[in-house]
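Let me begin by presenting the structure, written as structure tokens, before commenting on it.
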Number of protein chains: 4
Amino acid sequence: MDLIHELTEYFRKFPGIGPKQAQRFVYHLLRQDTYTLQKISSAIAGIKKNVRTCAGCFRFFMVRQDEKKCSICSSKNRSQATLMIVANDSDVESMERSAAFDGQYFVLGGLVPILNKNPEEKVRLNELRKLVEASPDLREIIIAVNANPEGEHTLNIVRAKIADVAEKIGAKITTLGRGLSTGAEIEYTDSETIKNALRNRF
Amino acid sequence: MDLIHELTEYFRKFPGIGPKQAQRFVYHLLRQDTYTLQKISSAIAGIKKNVRTCAGCFRFFMVRQDEKKCSICSSKNRSQATLMIVANDSDVESMERSAAFDGQYFVLGGLVPILNKNPEEKVRLNELRKLVEASPDLREIIIAVNANPEGEHTLNIVRAKIADVAEKIGAKITTLGRGLSTGAEIEYTDSETIKNALRNRF
Amino acid sequence: MDLIHELTEYFRKFPGIGPKQAQRFVYHLLRQDTYTLQKISSAIAGIKKNVRTCAGCFRFFMVRQDEKKCSICSSKNRSQATLMIVANDSDVESMERSAAFDGQYFVLGGLVPILNKNPEEKVRLNELRKLVEASPDLREIIIAVNANPEGEHTLNIVRAKIADVAEKIGAKITTLGRGLSTGAEIEYTDSETIKNALRNRF
Amino acid sequence: MDLIHELTEYFRKFPGIGPKQAQRFVYHLLRQDTYTLQKISSAIAGIKKNVRTCAGCFRFFMVRQDEKKCSICSSKNRSQATLMIVANDSDVESMERSAAFDGQYFVLGGLVPILNKNPEEKVRLNELRKLVEASPDLREIIIAVNANPEGEHTLNIVRAKIADVAEKIGAKITTLGRGLSTGAEIEYTDSETIKNALRNRF
């Protein structure tokens with residue numbers, strides 16, 4: 001297979017990319033100068049060399065010297081009393097953008113598919129349990145997952161996995177509040193959200 | 001103007017209807033038999049004769065005998081201690097569908113436009129104030145408006161309008177809870193909603 | 001059933017209207033004054049009284065005195081040598097908007113569904129055949145139908161129905177040209193359209 | 001700037017990619033194994049080494065030995081009498097997919113922006129003129145551009161640029177046919193397309 005087709009196939013596996021757009025990516029690259037292509041190529045080849053999975057929260061981070069933990073986990077300014085469990089790195093970024101949370105994170109590495117028999121193989125449940133056991137200062141564990149069926153399923157699996165160790169160290173387990181999201185119009189809001197919005201009225 | 005054009009113009013003023021669809025409505029009617037057209041015509045002519053604005057909540061309702069109040073306002077099974085203020089009739093229906101509220105309603109008749117100088121002319125603020133003053137049994141007033149700028153603005157206007165009388169009768173003023181709505185994915189959720197979801201965690 | 005529900009049901013049968021929008025139409029009417037409601041009601045009741053199916057092309061038209069034919073069919077300025085066969089009244093309007101055709105029309109009353117066994121019961125094929133037989137001045141019959149499977153099917157059915165009488169009076173049968181429509185981009189154009197665009201190059 | 005941000009910036013310049021999706025691409029790569037990353041990296045670094053601009057039609061092609069022309073331009077089975085001028089490589093692919101053209105291609109390298117003063121600097125007009133001058137066997141030159149304003153503009157510019165040399169060698173200049181594209185419904189078709197469909201009826 002020639003390089004163009006090879007590269008087109010790789011681009012097709014990029015999230016959300018179909019065959020036409022994969023091809024357009026290749027034409028885009030063909031129009032770049034050799035220097036730019038070299039830079040992109042090096043960045044891709046080296047991306048994992050410089051990236052490490054954080055020993056604390058398990059998210060990807062850029063290693064600068066030889067640190068084992070990401071900037072959030074090694075920060076002195078964040079509370080050790082709260083742990084937020086999220087599915088993916090991008091959820092950490094959403095949370096940080098909101099600037100509303102200053103505790104620790106734990107990245108599961110995905111949501112648990114609803115029919116999955118061995119969630120431990122799919123997401124870091126064992127690692128999470130160990131972390132909670134080893135964190136006597138924790139007062140609250142927030143399971144912050146999507147408000148959809150896969151998220152609910154993951155919530156239940158995670159809660160069951162850590163309920164006893166959380167109780168032992170004296171940390172309560174919470175989850176994100178439900179209600180009207182920004183921009184929601186009552187007329188078009190589903191009954192479950194309305195129920196939640198009423199329950200959480202303030 | 002002939003009847004086809006006249007009717008097309010009326011249909012164009014229907015909410016969400018453009019010129020093409022207005023015309024399609026007319027063709028649709030032209031294909032109906034005379035009996036059906038008579039039925040539709042009578043229903044439109046008579047719709048207000050049988051409909052009254054409820055003396056309690058101000059929403060439209062079908063008069064059966066000569067009652068002054070709608071079925072919700074005249075029900076013995078609903079709490080007199082809670083009043084929910086909504087913008088429109090359709091919001092009452094959303095709430096009733098959720099089956100999560102069993103108090104009284106008050107329909108403002110719209111949201112207050114942000115630049116409006118005389119909100120009293122636009123929505124039933126004076127009527128609302130009178131109602132609250134005359135309702136010593138009220139313990140809570142829920143202002144249930146859309147989670148968008150016009151809703152926020154209406155919330156502020158309504159709150160200011162009734163704050164003193166609500167205090168006098170000893171009713172607290174609340175609003176709908178904010179957070180993740182059903183189906184929300186954290187990665188795509190705006191920072192304000194995330195902040196609210198964190199604040200309302202449970 | 002009360003008038004509000006009755007009217008909501010009628011609106012739900014309007015083309016493209018779901019239950020929510022049907023209800024919104026009713027609220028829209030409830031907010032109109034009695035005079036406006038009377039006008040709409042009369043227009044609907046009277047719409048067929050003033051409308052007749054044209055004895056020439058079979059489209060709907062507003063009767064002014066007691067004419068049997070629509071303004072196009074009774075115009076002296078339009079060619080009698082060309083007949084365009086279309087599915088619906090709205091197709092006549094599209095054609096007239098383009099100002100590119102000055103012949104006669106014939107409205108079939110719909111497209112022939114692909115699995116239909118008795119197309120004569122569905123669209124005016126017999127009436128069309130009679131018209132062609134009785135039109136010795138016709139030189140061309142344009143079958144102007146949608147460029148989709150149902151349109152192709154209708155094209156074939158209509159052509160088969162009138163081929164012999166068209167030949168007898170010496171009229172050729174044509175159909176609309178295929179190619180790039182306004183705004184089409186070659187990269188996103190399907191192969192069939194490209195083939196047609198190449199065949200019809202000029 | 002670290003490699004993750006660097007790569008995110010490169011992905012943001014990919015056609016149709018916003019900041020969120022660029023970031024998702026990076027996470028996608030971080031989840032690949034080192035072998036796959038090496039393969040993608042090499043393909044990008046080498047893509048231009050193996051790709052040449054065809055000396056005939058100017059499109060990109062994979063060099064196998066040391067050939068100067070792409071497989072279409074060097075094919076013995078394609079007519080030398082027809083030349084199709086297109087804007088981009090992807091248009092050649094659309095045409096080849098349709099299997100309706102067996103002549104030669106010329107890739108302009110883009111469309112001419114409407115306000116552009118120096119089209120010769122933007123697309124290969126001079127190269128095209130030279131090619132036509134040197135092709136005495138040409139009988140037809142098809143300018144195959146998008147049916148939108150930029151396409152029309154390019155059509156006019158190209159035609160003006162080669163009109164005299166085309167006449168000298170005895171080649172006529174044509175363009176793609178206009179009309180209903182596959183799936184078009186008459187009711188929703190613009191007047192210009194209807195005009196073209198009527199003019200090209202068959």
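What follows draws every value from the coordinates through simple rules; no lab data is involved. Everything numeric here is computed off the predicted structure, so don't read it as measured data. Positions of Cβ are backbone-derived with ideal geometry, glycine not excepted, and every protein chain shown enters the neighbour counts.
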Per the axis that maps chain B onto chain C, nearest residue of B (Cβ criterion) and its distance in Å
B:Ser41, 2
With charges set only on the Cβ (+1 for Lys and Arg, -1 for Asp and Glu), what does the dipole of chain D come to about its Cα centre, in debye to the nearest 20?
400
Quick calc of log₁₀ I(q)/I(0), segment C:83-143, Debye, one scatterer on every Cα, no solvent, q values 0.18 1/Å, result -0.69
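What value, in deg cm²/dmol to 500, does the helix sum -39500 (n - 2.57) over DSSP H runs of n ≥ 4 give at 222 nm once divided by the residues of chain B?
-13000 deg cm²/dmol
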Relative contact order for chain C using alpha-carbon pairs under 8 Å, separation at least 6, rounded to a whole percent?
13
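Can you classify segment A:112-189 as rounded, prolate or oblate using the Cα gyration tensor, where a ≥ b ≥ c are the square roots of its eigenvalues, rounded means a/c under 1.5, and otherwise it's prolate if a/b beats b/c and oblate if not?
Working: a/c = 3.38, a/b = 1.52, b/c = 2.22.
Cα axes put segment A:112-189 in the oblate bin.
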With θ set to phi - 60° and the Karplus curve 6.51 cos²θ - 1.76 cosθ + 1.60, what are the ³J(HN,Hα) couplings of segment A:47-60 in order, to the nearest whole Hz, using x for Gly and Pro?
4, 7, 4, 8, 10, 10, 7, 4, 5, x, 9, 6, 8, 6
Scattering profile of segment A:64-202 from the Debye formula, Cα beads only, expressed as log10 I(q)/I(0) at q = 0.10, 0.14, 0.22 Å⁻¹, is -0.38, -0.73, -1.43
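Where both residues lie in segment C:78-202, what percent of DSSP beta bridges are antiparallel, nearest 5?
Details: 0 of 12 bridges.
Bridges in segment C:78-202 are about 0 percent antiparallel.
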Could you list B:Val145, A:Val165 in order of exposure, starting from the residue whose Cβ has the fewest other Cβ atoms within 10 Å?
A:Val165, B:Val145
Project the alpha carbons of the protein assembly as shown onto their principal axes and report the range along each, largest first, in whole Å.
90, 83, 51
Distances in nm, one decimal, shortest first, from C:Tyr188 to the same residue in every other copy, taking the label point 7 angstrom along Cα→Cβ.
1.4, 2.0, 2.3
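Restricting to segment B:1-156, what percent of DSSP beta bridges are antiparallel, rounded to 5? Could you put the intermediate results ahead of the total?
Details: 3 of 11 bridges.
Around 25 percent of the beta bridges assigned by DSSP in segment B:1-156 are antiparallel ones.
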Calculate the dipole size of segment A:88-163 relative to its Cα centre from +1 charges on Lys and Arg beta carbons and -1 charges on Asp and Glu beta carbons; express the result in debye to the nearest 20.
320
At A:Thr53, with labels set 7 Å past Cα in the Cβ direction, how many nm apart are the copies from this one, shortest first?
4.7, 6.5, 7.3
Dipole in debye (nearest 20) - segment D:33-143, about Cα centre, beta carbon charges: Lys, Arg +1; Asp, Glu -1
260
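Excluding B:His28 itself, what net charge comes from residues whose Cβ is under 13 Å from its Cβ, given Lys and Arg +1 and Asp and Glu -1?
Details: positive: B:Lys20, B:Arg24, B:Arg31, C:Arg12, C:Lys13, C:Lys48; negative: B:Asp33, C:Asp89.
After counting each charged neighbour, the total is +4.
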Starting from the Cα of B:Asp33, step 7 Å along the direction of its Cβ; do the same at C:Asn116; then give the gap between the two resulting points in nm.
2.1
At a threshold of 8 angstrom on Cα-Cα distance, excluding pairs fewer than six apart, so keeping six or more, what relative contact order does segment A:26-99 reach in percent?
17
As a Kirkwood estimate from alpha-carbon pairs, segment C:108-153 has a hydrodynamic radius in angstrom of 11.9
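If you rank A:Ile114, A:Ile142 by fewest surrounding Cβ atoms within 10 Å, what's the result?
Details: A:Ile114 10, A:Ile142 22.
Least crowded to most crowded, the residues run A:Ile114, A:Ile142.
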Over 26 Å between Cα atoms: which of C:Lys20/C:Lys117; D:Lys48/D:Lys161; D:Lys76/D:Lys130; B:Lys69/B:Lys161; B:Lys161/B:Lys195 fall into that group?
C:Lys20/C:Lys117; D:Lys48/D:Lys161; B:Lys161/B:Lys195
Listed residues B:Gly170, B:Ile186, B:Asn156: farthest to the positive end of the dipole of segment B:156-202 (Cβ charges)
B:Gly170
With unit charges on the beta carbons (Lys and Arg positive, Asp and Glu negative) and the dipole taken about the Cα centre of chain C, which residue among C:Phe58, C:Ala147, C:Val92 sits farthest to the positive side?
C:Phe58
At the level of C-alpha centres, the distance separating segment A:151-202 and segment D:13-59, in angstrom, is 41
Output row for B:Glu9: copy-to-copy label distances, label 7 Å along Cα→C-beta, ascending, in nanometres, one decimal, is 3.3, 6.1, 6.6
Please report A:Tyr27, C:Tyr10 as a ranked list, fewest other C-beta atoms within 10 angstrom at the top and most at the bottom.
A:Tyr27, C:Tyr10
